[in-house]
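Worksheet: the structure to be examined is printed underneath.
The values are calculated or read from the model by the stated rules, or taken from the named source; none is laboratory data. The structure presented is a predicted model; accordingly, all values stated were derived computationally and were not measured. Glycine gets a Cβ as well: all are built from the backbone with ideal geometry, and neighbour counts include every protein chain shown.
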Amino acid sequence: MATVDLWAKEGYLSTPDGNSIYFWGFAAAADAPAQLPGPLLLARAGERVTVNLTNLLAVPVSLVFSGQGRIEAGGGPARPQYDPDGRLFSFTDVAAPDGGTMSYSFTPAFPGTFLYHSGANPPVQVPMGLYGALVVRPADYDPALPAYKTAYGFGTGTEFDREYLLVTGEIDPELHRATAAGTPYPIHRFKPRYWTLNGRCAPDTMLPDGVAHLPHQPRGAMIMAQPGERVLLRYAGAGVDSHPLHPHGNHTRIVGLDGRLLQNGTADLSYKRFTVLVNPGQTYDQIFQWSGLGFTPENPIPTVLPNIRNLAVGEAGWTMWSGSPYLGRKGDIPVGVVSYNEAGEYHFMLHSHEEVKITNWGEFPGGMMTMIAIFSSLDPGVGVLT
Amino acid sequence: MKRGSSPVARRSWTGLGSRDRLFVLYPKKPGGTYPDFWKVRKMALVQANLWAKQGTILLAGRPLAFWGFSADAGGAPTLPGPVLEATVGDTVEIVLQNPGFAQPVSLIFPGQEAVSVLEAGGGFRRVAPQYRDGAIVSLADYLEPEAESSLTYRFRAVKPGIYLYESGTEPEIQVQMGLYGILIVRPPGHDLPGHPNYQTAYGAGTGSEYDRERILVLGEIDSRLHEAVAQGAAYDILDFAPDRWLINGRSYPDTLAPAGDPGLPSQPRGAGLRVKTGWRVLLRIVNAGFQHHTLVLGGLTGRVVAGDGFSLVSPALDASYHKSALTLGSGQSYDVIVVPEAPGEYFLHAGEYHHLVNDDLFPGGMMTKMEVVP
Ligand SMILES: [Cu+2]
């Protein structure tokens, strides 16, 4: 039985353009910073999960767990909450403001990727940051055995070598400012200016986990793997917009939606996609395998570089092979450039195809963008969800 | 909705004399079985009248002008328009009229092929886009404002499914104003106990058997558009900025009011559900708006058995899949079967949380409730 404690708290998000944004988030400990997204909840199918929520905010907060049945709260079935006038204010039992607690428990029946978020006044509380992801391991999960290191269980074709979680979200700074100031905000005019992967805007998405200057955004979004490895990408749409995410380099195979394996009996319903539209409240589990241009077992990384037209040239005397015009500029390699990729790895973008969303308040590059880096060799401890 | 109880679609089982080429016959047998059913039932003519009118809806208690269809000359227009029901093989005839409605208007039936229109001189021809001075003015044959004549559209119901019908004239304004409704085409035998297609959305073997059916039409409203258009004032559709979000023409909590609530004369369709555990609840979700809409199934997970009126299940492949939320583009539909296991209150709501408001306050907007009892 897994027991997790979450604290709903205030904090400040940092954006790469220098903005500091007041937000509400979940923290993993009383003295830990609120984070965006909230702490990753890791569970196992068939095993009871208990989440103890302590609410340090001045408004009631609750928890909703997508795709989970028979959720209990405070010892009985979770129930919608109405005020004395009969007006709904939360989809589930709440932790009262200023220190109230509520305990939620459920037994995940299905492995996969799920979301949790506040069910109290969700038009404000979810965009303010009270959301996170829940990953449920299959009952037979065993990372030591390749056949059992799967997303959906032995024999489901969902074996993976490394896995990454990308939680999408949006930030309308006006909502955050109005909430901090206690002033009215026209919710129907919700207009994001920042688009986030794991709570970060590019280029911060590419920084490692837990960098000191992003205390409220501890989760990086950089995808790292070796050629040919099976990379499990878990997309989770925690925001209110739909985001067409796509990786360069290779397509992905969707193996599960909303935490349900795409398989009926013996029929394999998984399918390949170039771009996956990540919709609100929904999750997409995919297998990505890089077998890209220029790579063969006989021509391992670093390979013979592709044609110069496929090279992106940066300002600082570096080059990246990306196949994309979005990184740096194209042209002759500047005088003085002597190396191709310091570590010899390949970089590919993974980004929202709505290009306005790969900006930070209109400034490219930014927003919902990260990189996939393919290394010739990579520590097996990279790409492990914790 | 209850089967066979559509209050608005007038079902005319004529034939047997009035139109010799169209007839319907259900021979009643002792024991209630219909073994040779599809040899017996040939075709029916389903007729409905739609009057385009201006009316008033209530959103969070405040009146708002809208345009809608009514099934009766004297009746109030409704949002969404009357539900038209037909059975595969039926010929569907819709008579459109707009006396007293100062707009040109037409009907299009997305998902139906080979729609015809009755010519003035008699006889049907294919419906066609209409041009004036080389510019398209309507996606289909239309009535002039306050026309004295009517326009009859006709098509054959070819495959089961749930579909929209809507105005094809100035659709960027008229559909937003409310000139849309639902067409359901049912498999033959859907209403005959003992028939393999009984209480299925797509027929036997499509995994679409249900105990309760609920249409959920999603949409949004820009109040300023409605006010401006109703007053004949200028409105630039590029300024479209909705402030109301609806299920079946109602915003929460009105979505929970019963069907035909006298306080909501132009919004007769409820969206609330009260079902028992273990029931197969068929949710027929249609997006009649311009925006994408996500319907979160309130913590429940359903099996998607059809998309855009196409069954996902065939003898060769069961391609149905599970979802706990679904996003629909404009004009799309999904049929989802939910089997609730645990009693409780489940809120079905927009995944776009900022659409869960009335006047910018939660709760409201695109939300309804499924109450599950033992
Ligand atoms: Cu791209």
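Within region B:61-87, being farther than 15 Å from B:S251 by Cβ and surrounded by fewer than 20 Cβ atoms within 10 Å (Cβ to Cβ) holds for B:A65, B:D72, B:A73, B:G74, B:G75, B:A76. Within region B:234-260, the set of residues being part of a loop (DSSP other than H, G, I, E, B) and surrounded by 24 or more Cβ atoms within 10 Å (Cβ to Cβ) comprises B:N248, B:G249, B:S251.
Condition check ((1) at the interface with chain B (Cβ under 9 Å from one of its Cβ atoms); (2) polar (S, T, N, Q)) across all residues:
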{"site": "A:P80", "(1), (2)": "yes, no"}
{"site": "A:F89", "(1), (2)": "yes, no"}
{"site": "A:A95", "(1), (2)": "no, no"}
{"site": "A:G100", "(1), (2)": "no, no"}
{"site": "A:S105", "(1), (2)": "no, yes"}
{"site": "A:P108", "(1), (2)": "no, no"}
{"site": "A:G112", "(1), (2)": "no, no"}
{"site": "A:S118", "(1), (2)": "no, yes"}
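Scanning region A:186-201 for residues that are within 14 Å of chain B (Cβ to nearest Cβ) and touching a residue at least 24 places away in the same chain (Cβ under 8 Å) returns A:I187, A:F190, A:P192. Within region B:296-319, not a single residue is farther than 20 Å from B:G207 by Cβ, touching a residue at least 60 places away in the same chain (Cβ under 8 Å) and touching a His at 6+ places or on another chain (Cβ under 6 Å).
Results for (1) within 22 Å of B:T56 (Cβ to Cβ); (2) surrounded by fewer than 20 Cβ atoms within 10 Å (Cβ to Cβ); (3) not assigned by TED's automatic domain parsing to the domain that holds B:P110, shown as yes or no for each residue.
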{"residue": "B:M177", "(1), (2), (3)": "yes, no, no"}
{"residue": "B:I182", "(1), (2), (3)": "yes, no, no"}
{"residue": "B:L192", "(1), (2), (3)": "no, yes, yes"}
{"residue": "B:H195", "(1), (2), (3)": "no, no, yes"}
{"residue": "B:G205", "(1), (2), (3)": "no, yes, yes"}
{"residue": "B:I221", "(1), (2), (3)": "yes, no, yes"}
{"residue": "B:Q231", "(1), (2), (3)": "yes, yes, yes"}
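When B:L50, B:L58 are checked against the criterion of being surrounded by fewer than 22 Cβ atoms within 10 Å (Cβ to Cβ) and outside any loop (DSSP other than H, G, I, E, B), a single residue qualifies: B:L58.
Return the residue satisfying two criteria in turn: it lies in region A:51-69 and is not in a loop (DSSP other than H, G, I, E, B) and not hydrophobic (A, V, I, L, M, F, W, C), and of such residues it is farthest from the other protein chains (Cβ to nearest Cβ). Lay out the reasoning, then the answer.
The initial filter retains those residues of region A:51-69 that are not in a loop (DSSP other than H, G, I, E, B), namely A:51-55, A:61-62, A:64-65.
Narrowing the set further to residues that are not hydrophobic (A, V, I, L, M, F, W, C) leaves A:52, A:54-55, A:62.
Working: A:N52: 20, A:T54: 23, A:N55: 17, A:S62: 12 Å.
Filtering region A:51-69 for residues that are not in a loop (DSSP other than H, G, I, E, B) and not hydrophobic (A, V, I, L, M, F, W, C), the one farthest from the other protein chains (Cβ to nearest Cβ) comes out as A:T54.
As a summary of the residue check, B:Q332 satisfies the conditions (1) out of contact with any Lys or Arg (no Cβ under 9 Å at 6 or more places or on another chain); (2) at the interface with chain A (Cβ under 8 Å from one of its Cβ atoms); (3) polar (S, T, N, Q) except for the one numbered (2). Among the residues of region A:120-142, those identified as more than 10 Å from chain B (Cβ to nearest Cβ) and not in a strand (DSSP E or B) are A:M128, A:G129, A:L130, A:P138, A:A139, A:D140, A:Y141, A:D142.
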